[in-house]
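S.K.: Below is one structure. I have some questions about it.
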């Protein structure tokens, strides 16, 4: 039977493997532009945030397994409250070095202020650390658990020019979904943009900038500008599409006065640099395509604004004609 230390080593290896895959997709926690809210950070039954590797692991697994809740409970806590696990529910492992008082053999609360520095008069530590393994279940897997408290909200100021672009893109057939998530992307197959909730972003500007970037990708759909969007991460075609989208996003953001944050797509820079070095036309073609994307995106806003600024009488006359 594997020791707790061996189990922890396996746990770390699994976390590294998952993170490596996320990094390849630029989807690791630290590669995302938005900060999330208090309701994204993993917490225990006492609403205390997990720390260190446990926090990172649970946060990553929330994203990997599609959990929509950030709360975790032990089996005993579930049983004590009269709740039930859903069929097939699987626990996540967490590890703690519990502090034990040498004299009383009692465990010291790890959240107590003097947890790390309990010493006696001679300056010797009064406690020892013991590695312990716990299994916890995400609240999404528990029947009967109370609903999660609402996400903290703040005043949201919409930007009319961008809202016109969004509505214009929708009228062109693009579907846009806002959902509690830590991911934003364009799905070519279903012609859908999936966005995190507005209040998961630092500012309205950062939300709009990210959405405009994804709308830029959507212009590659066969019914629009018909670009090659089949490239996998690391391929030249993938790098070119990201460069197109990044340049067009910069153009649109600057025109609308939204500002620009290049750090979100910094992971692609090496691919761009290599492709630009290998093919002198790579950057030129990307710039040309980016301008086409920008024009298409801005046109959405102009057309929508024009169509919706018509008077009721003008629209009625058009219906008669």
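S.K.: With r defined as the distance between the Cβ atoms of residue 97 and residue 308 and R0 fixed at 45 Å, what FRET efficiency is calculated, to the nearest 0.05?
M.R.: That gives a FRET efficiency of 0.15.
S.K.: Still on this structure: Got a sec? How would 71, 189 order by Cβ neighbour count within 10 Å, fewest to most?
M.R.: 189, 71
S.K.: Using label points projected 7 Å from each Cα along Cα→Cβ, tell me how many nm separate residue 131 and residue 9, to one decimal.
M.R.: Result for the modelled spin labels: 0.9 nm.
S.K.: Count the DSSP beta bridges whose two residues both fall in region 160-309, then state the antiparallel fraction as a percent rounded to the nearest 5.
M.R.: Counting only bridges with both partners in region 160-309, antiparallel ones make up about 40 percent.
S.K.: Residue 90 to residue 180: extension gain in nm, 0.36 nm per residue of separation minus the Cα-Cα distance?
M.R.: 30.2 nm
S.K.: Counting other C-beta atoms within 10 Å, which of 96, 129 has the fewest, and how do the rest follow?
M.R.: 129, 96
S.K.: Give me the number: length gained by fully extending residue 79 to residue 295, i.e. 0.36 nm times residue separation minus the C-alpha to C-alpha distance, one decimal in nm.
M.R.: Gain on extension, residue 79 to residue 295, equals 71.9 nm.
S.K.: While we're on this one: Tell me, 56, 258 in order of fewest to most beta-carbon neighbours within 10 Å?
M.R.: 56, 258
S.K.: Relative contact order, percent, of region 160-309 when contacts are C-alpha pairs under 8 Å separated by at least 6 residues?
M.R.: 29
S.K.: Hey, rough spin-label estimate for residue 46 and residue 197, points 7 angstrom out along Cα→Cβ, what's it come to in nanometres?
M.R.: So the two model labels end up 2.6 nm from each other.
S.K.: So how much slack lies between residue 53 and residue 148, counting 0.36 nm per residue of separation and subtracting their Cα-Cα distance, in nm?
M.R.: 31.8 nm
A short reminder: the numbers here are calculations on the coordinates, not readings from a lab. Since this is a predicted model, take the numbers as computed values, not measurements. Note: ideal-geometry Cβ built from the backbone for every residue, glycine included; neighbour counts use all protein chains shown.
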